[in-house]
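Everything below concerns the one structure shown next.
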Amino acid sequence: MRISLNWIRDYVALDAPVDEITRAITFLGFEVEHVGTTGVPRLAGVVVGEVLTRDKHPNADKLSVCTVDVGVAGGAKTIVCGAQNYKVGDRVPVALPGAVLPGNFVIKQSRIRGELSDGMMCSAKELGMGEDQSGLLILPGRPALGAPLNDVLPPGDTVFDIEITPNRPDCLSHIGIARELAAWFRKDLAYPQEKFRGDTGSASRPDLFTSVRVDNSEDCPLYMAHVVTGVRVGPSPAWMQERLRAVGLRPINNVVDVGNYVMLEYGQPMHAFDARKIAGGRLIVRRAAEGERITTLDGRERALASRMLVIADEMKPLVVAGVMGGENSGIDETTTSIVLECAIFRAQSVRATSRALALSSDSSYRYERGVDPHTAREAAWRAVDLVCETSGGTPVGPVCVVGSDIPWKREIAVTSAFINARLGFEIPVAQMRGALEALDLIIVREVHVSGGAEWTVSIPSWRDDLDRPIDLVEEVLRVYGTERIPPSRVAAIGLGAEDDPVTAFNRRATSYLVGHDFHECVNLTLRPGQEITTWVSETAAAELALLNPFVEDQSHIRPTLIMGLLDNLLLNQSRGVAAVRLCEAGRIFVENNGQNLEAAAVAFVIAEDPERSWKKRESADFYTAKRYTAALAAAAGIDLSGEALEPLAGPGYGWQQGKSVNAGSMDRGWIARFGLVNLSMLRARGVEGSVLGGVFAIVPEKLPTGAARTRFRDFSLFPAALRDLALVVDASAKAGDVRARVAAIAAAKAGASFGVESAEVFDVYEGAGLAEGKKSLALSLVFRSPTRTLTDEEVNAVVLAIRGEIEATTGYQPRK
């Protein structure tokens, strides 16, 4: 939002330096992104001259040789000029030899195509006054010859480019910012005084315009239309054009410019119709017909949807309500009667229409954030005043008002003790009250109590962001000055409670991965819908879609962390960064039996290492991913070693079929997936090579509390006894199932005091010597006692017992 300081001074008498005003805006809570100036910069050696003669250049068709009188600055000068828009007698800016124009352009006496040129007559662009370079700047009013140009032209303006936060739509106007500055500097605020107050007397023109009909009062609770006849369309007065240009708007004509001026003054968008172009003499506020078309003022034809609100006549839509007008009702040089619209539109309706049409405007920007309905009448009257002043028009009937102000009454009770307690330091009661009143927050009831006061504060309609006592604390501090907060020690209450289980899980899991050379990443929680449809499922995409996404590629909440990690990996590869081990902790949302479950998750990816080295390192494989995923599960108190691993049957959640597995389920409250990431997804993204990954996700309720965390267990100081066991099993048997069965039998036969430390598969064999449909699994059994050294005899006896139990109960055949 660009704010003109000269314009602000219409409402509040500011005499502070620009730096101090900039500081005030910042401390009031608004970021000043830039401070610029308009008008002519200080130009030494640029004076007023008068063209005495103008003759054709003897050696150039498009140049003229002129005699220019610069008066006391040097008398008559011969100057060669290429402009065509001036005549003898015009007074123009003349840059004398030695002058330095914007862009560090030094003026020198020179010969141009053989003719002496002792200076230069200047255009507005050459003087740094704008982009107009079509001809010389003709100076009005015949200023004194030889006078410095800076003494003749207006001094220019200071323009603040301010970032307005979404909760403060009242400050999307000059009056809104003036109100804030008046509170800071303790100055009176002067509102514009409207001459027109809605009374047109007996003057009426029913043949031009008769009425307004609102078919959708929910989206348009208030619509006002004023008729002004006898309008002469032409350029706006110089003061209005100057202000519009200062804040970045291009002047168009005196009617359109008034609408823009009032919008920037009050924050209330306006629109003017040519009354002759309203078919049937009636405006209709309605929903568009599906597929109905309108050509907007930007020259583009747009197809409308039935949920969009339009302003129409009896035959066609004229305006996309709150967004942009149409070409078929605009003001042109033949317009003599106008209908001036001032309306309130529901913010959600304008926002949805603007996004659907990919069409944003100054009007939609304000309507989307909320326009104060209780200042709309004053804004309309102000616009009628300015139209009559700048175009000579006369207001006539009918004045149409459909709907009414939305009822407004909001009062907040607050005490000085509450304010001081929340601030943490003391502000005198009188200064608190002064700060509230300076912001037009009216105290309607005051009760003095011991050491302070109790107030009931009436909130004006333009401050819809204030609805709780704590909001008034912030208002008092803004005006009192955050820079006046006294220094003090920070006092914090120490809590003896354990960390939140999710935080503790994230810390344990990511610390483990970072300790194994992973780089931690943080990505957005939102993902594009097509990605989820393609790599997860259509059901998940339907369940995880946002109702009103801000942008197309952030339309769904994420069901996995893998997608974001692949984006990070792609960025690293494209930049030649050798960070191939990435991890992330965060929330995901998993669709399960028609419900969305929020889960705490940690994921990792491992890409092929691009580093060139004389010694090749061992590459990560499926079992590497398994080991890391098991560690993540252990951080949540889940032991994967005893869990069945099921091959993933499809590409869901981005995994490669046949090269990845799943453990657990969301019905149990947790899932673990690991293996090879889907190769098609990698190629579609542009990721090079193959990528291993893993993810563990658990609903927060299943996470262990501090008391349930794994504690240290003492280990045995005695040596282990190792024995190998080979079993012939069906080729379809899962190694994990066989290992778990053997481990259970070994533990039962060995007993608690003997101890089976582990049972692991270390070899698989299929081929000669085995029957068809069979394979051999070799397992390593580790026995260890916590209290003594085991003997070979007792270990061998236990192994024989284990073999016998396996033959008797499992169908596995021990190999000799």
Exercise. If we scan segment 663-676, do we find a residue that is open to solvent by 10 Å² or more (accessible area, probe 1.4 Å), within 26 Å of ASP609 (Cα to Cα), at pLDDT 90 or above and among the aliphatic types (A, V, I, L, M)?
Worked result: yes
Seminar exercise, completed: Those residues of segment 77-91 which are open to solvent by 40 Å² or more (accessible area, probe 1.4 Å) and farther than 18 Å from LEU139 by Cβ amount to THR78, GLY82
Seminar exercise, completed: Of the residues in segment 525-542, those that are crowded, with 20+ Cβ neighbours inside 10 Å, closer than 18 Å to LEU648 by Cα and small (Gly, Ala, Ser) number 1
For this session: Answer yes or no: is there a residue in segment 109-116 that is open to solvent by less than 40 Å² (accessible area, probe 1.4 Å), touching an Asp or Glu at 6+ places or on another chain (Cβ under 9 Å) and either of a type outside the set (Asp, Glu) or more than 30 Å from LEU181 (Cα to Cα) (or both).
Result: no
Problem set entry | Close pairs from segment 144-162: first in contact (Cβ under 8 Å) with a residue 12 or more places away in the chain and within 24 Å of GLY176 (Cβ to Cβ), partner open to solvent by 10 Å² or more (accessible area, probe 1.4 Å) and among the basic types (Lys, Arg), Cβ under 9 Å, at least 6 apart | ASP157/ARG243; VAL159/ARG2; PHE160/ARG2; ASP161/ARG2; ILE162/ARG2
Problem set entry | Any chance GLY330 is open to solvent by 10 Å² or more (accessible area, probe 1.4 Å), touching a residue at least 40 places away in the same chain (Cβ under 8 Å) and out of contact with any Cys (no Cβ under 7 Å at 6 or more places or on another chain) | yes
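Considering each of ALA579, ALA601 in turn, give the residue that is touching a residue at least 24 places away in the same chain (Cβ under 8 Å), part of a loop (DSSP other than H, G, I, E, B), surrounded by 15 or more Cβ atoms within 10 Å (Cβ to Cβ) and touching a strand residue (DSSP E or B) at 6+ places or on another chain (Cβ under 6 Å).
Working: ALA601 fails: part of a loop (DSSP other than H, G, I, E, B).
Just a single option satisfies the conditions, and that option is ALA579.
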For this session: Check segment 204-214 and report whether any residue there is within 36 Å of the chain's Cα centre (by Cα) and at pLDDT 95 or above.
Result: yes
For this session: Could you check how many residues of segment 11-44 are crowded, with 16+ Cβ neighbours inside 10 Å and within 18 Å of ARG243 (Cβ to Cβ)?
Result: 8
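Considering only segment 219-234, I want to know if a residue exists there that is under 31 Å from the mean Cα position of the chain (by Cα), over 24 Å from SER404 (Cα atoms) and of a type outside the set (S, T, N, Q). So that I can check it myself, show each step before the final result.
The first filter runs over segment 219-234 and keeps only residues under 31 Å from the mean Cα position of the chain (by Cα), leaving 219-222.
Narrowing the set further to residues that are over 24 Å from SER404 (Cα atoms) leaves none.
Scanning segment 219-234 turns up no residue that is under 31 Å from the mean Cα position of the chain (by Cα), over 24 Å from SER404 (Cα atoms) and of a type outside the set (S, T, N, Q).
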Problem set entry | Scope segment 735-772; condition part of a loop (DSSP other than H, G, I, E, B), of a type outside the set (A, V, I, L, M) and surrounded by 14 or more Cβ atoms within 10 Å (Cβ to Cβ); matching residues | PHE754, GLY755
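For segment 264-287, give me the residue count where each residue is within 23 Å of ARG369 (Cα to Cα), open to solvent by less than 30 Å² (accessible area, probe 1.4 Å) and more than 29 Å from the chain's Cα centre (by Cα). Spell out the reasoning first.
Here is the first cut: in segment 264-287, the ones within 23 Å of ARG369 (Cα to Cα) are 264-272, 285-287.
Those still in the list that are open to solvent by less than 30 Å² (accessible area, probe 1.4 Å) too: 264-265, 267-270, 272, 285.
Going one step further and asking which of them are more than 29 Å from the chain's Cα centre (by Cα), we end up with 272, 285.
Looking only at that region, the number is 2.
Could you list, in sequence order, all residues of segment 443-457 that are open to solvent by 20 Å² or more (accessible area, probe 1.4 Å) and either closer than 20 Å to CYS171 by Cβ or modelled with pLDDT under 90 (or both)?
VAL449, SER450, GLY451
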For this session: Please work out which one of (1) open to solvent by 40 Å² or more (accessible area, probe 1.4 Å); (2) in a strand (DSSP E or B); (3) of a type in the set (Val, Ile, Thr) is the condition VAL72 fails and give its number.
Result: (2)
Problem set entry | Number of positions in segment 488-524 that are modelled with pLDDT of 90 or more, assigned to a loop (DSSP other than H, G, I, E, B) and either open to solvent by 80 Å² or more (accessible area, probe 1.4 Å) or under 30 Å from GLU20 (Cβ atoms) (or both) | 3
Problem set entry | From the options ARG232, ARG243, residue that is within 30 Å of ASP132 (Cβ to Cβ), buried (at least 21 other Cβ atoms within 10 Å of the Cβ), of a type in the set (Lys, Arg) and in contact with a helix residue (DSSP H, G or I) (Cβ under 8 Å, 6 or more places away or on another chain) | ARG243
For this session: Starting from residues that are surrounded by fewer than 16 Cβ atoms within 10 Å (Cβ to Cβ) and either polar (S, T, N, Q) or in a loop (DSSP other than H, G, I, E, B) (or both), keep the ones in segment 144-160 and report whichever is modelled with the highest pLDDT.
Result: ALA144
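For every residue, the table says whether it meets (1) part of a strand (DSSP E or B); (2) polar (S, T, N, Q); (3) loosely packed, with under 14 Cβ neighbours inside 10 Å; (4) touching a residue at least 60 places away in the same chain (Cβ under 8 Å).
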residue: VAL401; (1), (2), (3), (4): yes, no, no, yes
residue: PRO407; (1), (2), (3), (4): no, no, yes, no
residue: PHE425; (1), (2), (3), (4): no, no, yes, yes
residue: ALA430; (1), (2), (3), (4): no, no, yes, no
Seminar exercise, completed: Expected single match for part of a strand (DSSP E or B) and either among the basic types (Lys, Arg) or modelled with pLDDT of 95 or more (or both) among ARG111, ARG42, ARG23 is ARG111
Problem set entry | Output for segment 114-126, where each listed residue is part of a strand (DSSP E or B) and farther than 21 Å from LEU145 by Cα | GLU115, LEU116
For this session: Tell me, please, whether a residue that is of a type in the set (Phe, Trp, Tyr) and over 24 Å from the mean Cα position of the chain (by Cα) can be found in segment 539-557.
Result: no
For this session: Give the residues of segment 86-126 that are under 44 Å from the mean Cα position of the chain (by Cα) and among the basic types (Lys, Arg), sorted by residue number.
Result: LYS125
For this session: Please name all residue pairs, on different chains or six or more residues apart, with Cβ atoms under 7 Å, provided the first residue is in segment 790-816 and is in a helix (DSSP H, G or I) and the second residue is at pLDDT below 90 and aromatic (Phe, Trp, Tyr).
Result: VAL798/PHE754
Seminar exercise, completed: Of the residues in segment 406-460, those that are within 13 Å of TYR480 (Cβ to Cβ) and of a type in the set (Ser, Thr, Tyr) number 1
Exercise. Looking only at segment 205-235, which residues are under 26 Å from THR390 (Cα atoms), not in a strand (DSSP E or B) and not aromatic (Phe, Trp, Tyr)?
Worked result: ARG205, PRO206, ASP207, LEU208, THR210, GLY230, VAL231, ARG232, VAL233, GLY234, PRO235
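Tally the residues that are farther than 27 Å from VAL687 by Cα and open to solvent by 50 Å² or more (accessible area, probe 1.4 Å), restricting the search to segment 543-565. Steps first, please.
Step one: list which residues in segment 543-565 are farther than 27 Å from VAL687 by Cα, which gives 543, 546-550.
Now narrow it down to the ones that are open to solvent by 50 Å² or more (accessible area, probe 1.4 Å): 543, 546-548, 550.
Of the residues in that region, 5 qualify.
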Seminar exercise, completed: Across segment 161-191, the tally of residues that are assigned to a loop (DSSP other than H, G, I, E, B) and surrounded by fewer than 17 Cβ atoms within 10 Å (Cβ to Cβ) stands at 8
Seminar exercise, completed: Of the conditions (1) under 29 Å from MET129 (Cβ atoms); (2) touching a residue at least 40 places away in the same chain (Cβ under 8 Å); (3) surrounded by fewer than 17 Cβ atoms within 10 Å (Cβ to Cβ), the single one that ARG250 does not satisfy is (2)
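The values are calculated or read from the model by the stated rules, or taken from the named source; none is laboratory data. Since we're looking at a predicted model, the values are computed, not measured. Glycine also receives a Cβ, built like all others from the backbone with ideal geometry; neighbour counts cover every protein chain displayed. When the accessible area is computed, the model is the full protein with side chains, heavy atoms only, and any ligands, DNA or RNA have been set aside. Shrake-Rupley method; radii C 1.70, N 1.55, O 1.52, S 1.80 Å.
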